[in-house]
């Protein structure tokens, strides 16, 4: 199946947190299994820019023009996935409570802010850290930022023409999923076309590699769930800090939601 002239792509999967990064990793690994590519988490731009052919790295890194230019000069293919920030906020609350025990807000939610509505407001608006809450593994002191402040620069990647941008909602929708996966294949095709395999075969391989049970961050894999969780107060607070972003992303036409 593998041609000796096959150029192993360098792949960077970047995402807004809680946008199903692991789903994209599994899809792409459906390709990388063909040449046993390595995959691992990275924390900074330099780690991304130093990857070798056949490696796949992933992170939640914000946009900046210099970094984008560096990715292009090093022939690193970035696949970027994003999601409705309202669903991100809800997913984040569940994730902090149930899975991510090292998160700076885990102890806050466990001991001080225990009601879901209040926890969601804390994620939306940010929250001051008190006493021992400042002694967290992330080194966050005094204040944990609201979700807009934490993510808006990551969303800026969607404007970069050198990036393959995927909307989470389109990727998990049975009606549009194949189109989104083919978008990834077409994005990588210059490196993959020397393999003796068709795009349709790639599509099947990638889809067959999905296993949500092996993702520690995967919860329900649905979209629009924020409607069941947001109270009127949560809505008002979200509109205050990120209402314009939701409109720019195309999830709403205005703030009347």
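Here, each number is a calculation from the coordinates, and none is a lab measurement. As the structure is a computational prediction, the values presented were derived from the model and not from experiment. Quick reminder, even Gly has a Cβ in these numbers, built from the backbone with ideal geometry, and neighbours come from all protein chains shown.
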Next item on the list: Give the shape of the range 16-132 as rounded, prolate or oblate, defined through the alpha-carbon gyration tensor: a ≥ b ≥ c are the square roots of its eigenvalues, a/c under 1.5 means rounded, and otherwise the shape is prolate if a/b is larger than b/c and oblate if not.
Entry: prolate
Check: Taking other Cβ within 10 Å of each residue's Cβ, how do 233, 158, 86 sort, fewest first?
Finding: 233, 158, 86
Next item on the list: Mind pulling the angle between the C-alpha long axis of helix 177-192 and the longest principal axis of the chain? Nearest 10 degrees, somewhere in 0 to 90.
Entry: 50
Notebook entry, point to check: What ranking do 223-230, 24-31 get when scored by the average of other Cβ atoms within 10 Å per residue, highest first?
Noted result: 24-31, 223-230
Next item on the list: Answer with a single label: of [x] 52, 43, 35; [y] 45, 43, 33; [z] 59, 38, 35, which was calculated as Cα extents along the principal axes in Å from the structure in view?
Entry: [z]
